[in-house]
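Take a look at the structure below.
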Amino acid sequence: MRPGTAPYDGTTLPPKRTTGITSVHEARDALGKRLRELRTAAKLSGRALAESLSWPPSKVSKLENGKQTPTDDDIRDWARATSSEDEKEALLASLHTLEVQHAEWQRQLRVGLKPHQQEVADINAKTRLFRAFESTFIPGLLQTAEYARYRFAQSITVFEVRNDIDEAVAARVQRQDILYRADKRFHFVLTEAALRYRLCPPEIMLGQLDRLVSLSALPNVKLGIIGFETAYVVAPSHGFWLLDNDRVMVETFSAELNLAQPQEIALYGGIFESLAGVASHGRSARAIIHRVIDDLAPEPSEDTE
């Protein structure tokens with residue numbers, strides 16, 4: 001998942017010039033073209049290849065035109081059928097690079113929520129500088145257990161995966177120990193909207209807001225809040241994480257995108273600086289949080305005789 005510098009030699013994915021979903025499509029197209037080259041070199045028609053593998057003819061076309069992502073077994077079968085076993089490892093490496101770039105939630109979460117938390121913990125352990133922007137919800141490293149429970153519940157509802165919320169919440173809370181390590185630095189930028197969206201009951205959100213105030217005082221944590229009254233230079237289109245200068249992680253409804261091209265990292269780095277530049281930090285950020293707490297907290301009931 002480090003940016004590659006080798007020129008395209010026909011066996012690996014070409015350098016990507018754009019970001020996000022477009023890069024994934026280009027990578028899938030490049031892999032499909034390479035599969036077609038191997039079939040053509042073997043002097044096999046698409047129908048003949050499909051028949052030799054007991055596949056429907058449409059599958060060959062979909063794979064070659066980037067309409068379908070092959071599995072590991074598809075790659076192995078293709079290499080065997082086209083007498084190109086020497087290309088198998090390069091093709092598998094290209095496929096795995098594509099899978100890391102565009103990791104579908106349905107595939108990542110099929111064994112439950114906890115394993116993904118463990119994968120993220122492994123990535124966090126290697127990262128020194130965390131920069132995160134969120135416009136909709138509180139970042140996982142800052143979540144209370146109660147708030148995290150509601151976030152995981154949404155994943156179970158949307159993706160219909162195994163319910164291991166208790167284990168996932170415990171894993172997320174354990175991950176947060178990293179906030180207290182002196183060798184790690186964190187800069188979070190949130191919109192005021194993220195503090196006000198009703199993604200959980202008010203009493204849960206009040207506890208979450210109180211935790212934000214506490215964590216903002218940690219010496220290695222910088223918390224910025226962009227208030228409603230702030231004029232944006234760059235629109236807060238979606239949340240993202242910058243991990244050191246190695247990777248950008250973007251979560252969509254369907255997948256987690258991992259972007260590692262230098263131009264992608266530079267682009268998101270500049271966007272983060274723009275958003276952080278208009279955010280309130282320190283006491284000013286805490287003042288916005290307290291304002292939201294005051295609006296959300298119930299009025300005390302009057303004592304009646």
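Brief remarks follow.
- Accessible surface area normalised per residue over the range 237-279 is 39 Å², counting heavy atoms of protein chains with a 1.4 Å rolling probe.
- Residue order for E64, E37 - accessible surface, 1.4 angstrom probe, largest first: E37, E64
- Rounded, prolate or oblate (a/c below 1.5 giving rounded, otherwise prolate when a/b exceeds b/c) for the range 23-62 by Cα gyration tensor: oblate
- Across the cross-link table entries K62/K126; K67/K88; K59/K88, which are compared at the Cα atoms, the separations over 27 Å belong to K62/K126.
- P(r) tail fraction, the range 221-269 - alpha-carbon pairs more than 16 Å apart, %: 51
- Cα shape, the range 197-240, gyration tensor, a/c 1.5 rule: oblate
- Shape category assigned to the range 186-294 from the gyration tensor of Cα positions, a/c cut at 1.5: prolate
- Gain on full extension, evaluated as 0.36 nm per residue between D73 and K126 minus their Cα-Cα distance, stands at 15.9 nm.
- Rolled with a 1.4 Å probe across the full set of protein chains, the surface gives E229 an accessible area near 130 Å².
- FRET E, pair D177, E273, Förster distance 35 Å, beta-carbon r, rounded to 0.05: 0.80
- Cα-based reach from K33 at 19 Å (exclusive), listing aspartates and glutamates while leaving out same-chain residues under 8 positions away: D9, E64, D72, D73, D74, D77, E85, D86, E87, E89, E99
The values are calculated or read from the model by the stated rules, or taken from the named source; none is laboratory data. The structure presented is a predicted model; accordingly, all values stated were derived computationally and were not measured. As a convention, Cβ positions derive from the backbone with ideal geometry for all residues, glycine included, and neighbour counts pool all protein chains shown. Please note that ligands, DNA and RNA were not included when accessible areas were found on the heavy atoms of the full protein model with its side chains. Shrake-Rupley method; radii C 1.70, N 1.55, O 1.52, S 1.80 Å.
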